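K.L.:
Take this structure, written in structure tokens, and hold onto it; I'll ask about it next.
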Amino acid sequence: MKKQVENTIKDIALKLGLSPSTVSRGLKDHPHINEKTKKKIKLTAAKLGYKHNAIAASLRNNKSNTIGLIVPKISMFYQSAVITAIQNKLHEHKYNLMICQSNESVEMEKELVNALYASRVEGLIVSATLNTVDFSHFDVFSKSNCPLVFFDRIPTDYAANKIEGDEFNGGYMATKHLLEQGCRRIAHIGGPLTCNLYRGRFEGYKEALKAYGLSVDNDIVYFHDLTAENGLKTGEKLFAKNPFPDAIFACNDTTAVTIIQYAKSIGLAVPSKLKVIGYSNGPLSQIVDPPLTSIEQYTNKVGAEAATMMMELINQKLQLKESFRKVTVPVDLIKRNSTSNNQKTFSIKKIQRSELKILPVKQRKLNVK
């Protein structure tokens, strides 16, 4: 079957007796082209079946108006919420988003980095896999002065621009809240310590215990992928023999909800006999019974800040290499009945809108009231 020949701007120009540059400007609604001419150009383009070739345009202009994004799993609440915020912010700047997921595979992540670079994206935003410890495959972007921004799961020793949550304070607040409720045998269920998130939350957990004169009991500390299946297995181990923990700090809501369901199945009342706190404050936290106390991560702010930093790099408001920046987004404790001594329902704390000021320092914290 013969391939259909696509009409170009030159064909439209020939048809109308105009210059190709005039046609190009008319298709873009340039103010120097009068409305009558614009109308003729667009009508002729429609009749000829003209389609704008974005790939060819990006090759000519070295500008694709597309940002690449790599996340571990699109299905995760945190990631999907951040993706929405990133896309909304980029759309304000007339940029598109090319979304890829690594499926927690380092090899897949490497392939996606090279594929997006070859696709001529103007920048790359990344949340790394749980097992990414060598970040050298991102050099193809950093060494070519192509903007690179990490968020959430960020490298510790790799020089780049980064958006992080305040993981240490999140772990500290969660544990301190349980201690304030009278709990003293607090189990910790975290993710793999290869990931910055779970190292930070565990450090916060340890510091809160230390502030109360308690040490870490390794018999009630677990690290693994935070799936419902693994959460169930850990719950079975925690309650296989006395003494039982009187509280559990789970580093995601999925695990916390699984623990609540398992506790019910063995006749252990939450929160009177066991208090449970999660992390993320996703939809699950409000529909489980009892409603789950959790750590709010402010996904909208994370996504908006990642997109804003990317656009500032593209527009060269920030230097690509002279001073990499790290932005820390604060977290909040959202109290609900899963940790309450009086069974009172707590309202969700809301943040007020405030402008993010760009400070001339390498690291800053966002003020959330």
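K.L.:
Go through (1) assigned to a loop (DSSP other than H, G, I, E, B); (2) among the hydroxyl-bearing types (Ser, Thr, Tyr); (3) touching a strand residue (DSSP E or B) at 6+ places or on another chain (Cβ under 6 Å) one by one and return the number of the condition Thr156 breaks.
P.N.:
Thr156 satisfies all of (1) assigned to a loop (DSSP other than H, G, I, E, B); (2) among the hydroxyl-bearing types (Ser, Thr, Tyr); (3) touching a strand residue (DSSP E or B) at 6+ places or on another chain (Cβ under 6 Å) except (3).
K.L.:
If a residue has to be open to solvent by 20 Å² or more (accessible area, probe 1.4 Å) and either among the hydrophobic types (A, V, I, L, M, F, W, C) or closer than 24 Å to Lys63 by Cα (or both) to count, how many in segment 102-115 make the cut?
P.N.:
Qualifying residue count for the region: 7.
So that you can scan it fast, the table gives a plain yes or no per residue for (1) of a type outside the set (Lys, Arg); (2) out of contact with any Cys (no Cβ under 7 Å at 6 or more places or on another chain):
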| residue | (1), (2) |
| --- | --- |
| Thr132 | yes, yes |
| Ser142 | yes, yes |
| Arg153 | no, no |
| Glu164 | yes, yes |
| Arg184 | no, yes |
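K.L.:
Scan segment 116-130 residue by residue and report those that are open to solvent by 50 Å² or more (accessible area, probe 1.4 Å) and either of a type in the set (Gly, Ala, Ser) or within 21 Å of Ala159 (Cβ to Cβ) (or both).
P.N.:
Result: Tyr117, Ala118, Ser119.
K.L.:
Which condition number in (1) open to solvent by less than 40 Å² (accessible area, probe 1.4 Å); (2) at pLDDT below 95 is the one that Lys94 fails?
P.N.:
(1)
K.L.:
Step by step: first the residues of segment 103-133, then only those that are of a type in the set (D, E, K, R) and without any contact (Cβ under 8 Å) to a residue 24 or more places away in the chain, then the one that is nearest to Ser64 (Cα to Cα). Which residue is that?
P.N.:
Glu111
K.L.:
Do any helices (runs of 4 or more DSSP H) lying entirely in segment 8-122 carry at least 1 residues that are over 17 Å from the mean Cα position of the chain (by Cα) and hydroxyl-bearing (Ser, Thr, Tyr), and which ones are they? Give the derivation first.
P.N.:
Numbers: elements: 9-16, 20-27, 35-48, 54-61, 77-92, 106-118.
Passing ranges, in order: 20-27, 35-48, 54-61, 106-118.
K.L.:
So for segment 99-111 (the condition being touching a strand residue (DSSP E or B) at 6+ places or on another chain (Cβ under 7 Å) and among the acidic types (Asp, Glu)), does at least one residue qualify?
P.N.:
We begin by selecting, within segment 99-111, every residue touching a strand residue (DSSP E or B) at 6+ places or on another chain (Cβ under 7 Å); these are 99-102, 109.
Among the residues that remain, those that are also among the acidic types (Asp, Glu) are: 109.
Within segment 99-111 (the criterion being touching a strand residue (DSSP E or B) at 6+ places or on another chain (Cβ under 7 Å) and among the acidic types (Asp, Glu)), the answer is yes, since at least one residue qualifies.
K.L.:
Identify the residue in segment 252-279 that is of a type in the set (Gly, Ala, Ser) and crowded, with 24+ Cβ neighbours inside 10 Å and, among all such residues, is nearest to Gln79 (Cα to Cα). If you could, list the steps in order and put the result at the bottom.
P.N.:
Step one: list which residues in segment 252-279 are of a type in the set (Gly, Ala, Ser), which gives 256, 263, 265, 267, 269, 272, 278.
From what's left, crowded, with 24+ Cβ neighbours inside 10 Å: 256, 278.
Numbers: Ala256: 18, Gly278: 17 Å.
Looking at residues that are of a type in the set (Gly, Ala, Ser) and crowded, with 24+ Cβ neighbours inside 10 Å, I get Gly278.
K.L.:
Another question about this same structure. Quick check on segment 199-232: of everything there that is touching a Pro at 6+ places or on another chain (Cβ under 8 Å) and not aliphatic (A, V, I, L, M), which residue is surrounded by the fewest Cβ atoms within 10 Å (Cβ to Cβ)? It would help to see each step written out before you state the result.
P.N.:
Filtering segment 199-232 down to residues touching a Pro at 6+ places or on another chain (Cβ under 8 Å) leaves 220, 223-225.
If we keep only those that are not aliphatic (A, V, I, L, M) as well, we get 223-225.
Numbers: Phe223: 18, His224: 16, Asp225: 12.
In this case the residue turns out to be Asp225.
So that you can scan it fast, the table gives a plain yes or no per residue for (1) closer than 27 Å to Asp225 by Cβ; (2) of a type in the set (Asp, Glu); (3) modelled with pLDDT under 95:
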| site | (1), (2), (3) |
| --- | --- |
| Asp246 | yes, yes, no |
| Asp253 | yes, yes, no |
| Ser280 | yes, no, no |
| Leu284 | yes, no, yes |
| Thr293 | yes, no, no |
| Thr299 | yes, no, no |
| Met310 | no, no, no |
| Gln316 | no, no, yes |
| Ser323 | no, no, yes |
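K.L.:
Open to solvent by 40 Å² or more (accessible area, probe 1.4 Å), among the charged types (D, E, K, R) and assigned to a helix (DSSP H, G or I) - does that describe any residue in segment 176-191?
P.N.:
Yes: one or more hits.
K.L.:
Looking at (1) open to solvent by 50 Å² or more (accessible area, probe 1.4 Å); (2) over 24 Å from the mean Cα position of the chain (by Cα); (3) not aliphatic (A, V, I, L, M), which is the one condition that is false for Gly235?
P.N.:
So Gly235 meets the others, but not (1).
K.L.:
Next question, about the same structure. Looking at Ile163, Ile189, which one is within 30 Å of Ser323 (Cβ to Cβ) and of a type in the set (Val, Ile, Thr)?
P.N.:
So the residue among Ile163, Ile189 that is within 30 Å of Ser323 (Cβ to Cβ) and of a type in the set (Val, Ile, Thr) is Ile163.
K.L.:
Does Thr308 satisfy the condition of being under 26 Å from Ser64 (Cα atoms) and crowded, with 18+ Cβ neighbours inside 10 Å? Walk me through how you get there before you give the answer.
P.N.:
Numbers: under 26 Å from Ser64 (Cα atoms): yes; crowded, with 18+ Cβ neighbours inside 10 Å: yes.
Here the answer is yes, as Thr308 does meet what is asked.
The values are calculated or read from the model by the stated rules, or taken from the named source; none is laboratory data. These numbers come from a predicted model, not from an experiment. So basically every Cβ, Gly included, is an ideal-geometry build from the backbone, and we count neighbours across all protein chains shown. Ligands, DNA and RNA are excluded from the accessible area calculation, which covers all protein heavy atoms including side chains. Shrake-Rupley method; radii C 1.70, N 1.55, O 1.52, S 1.80 Å.
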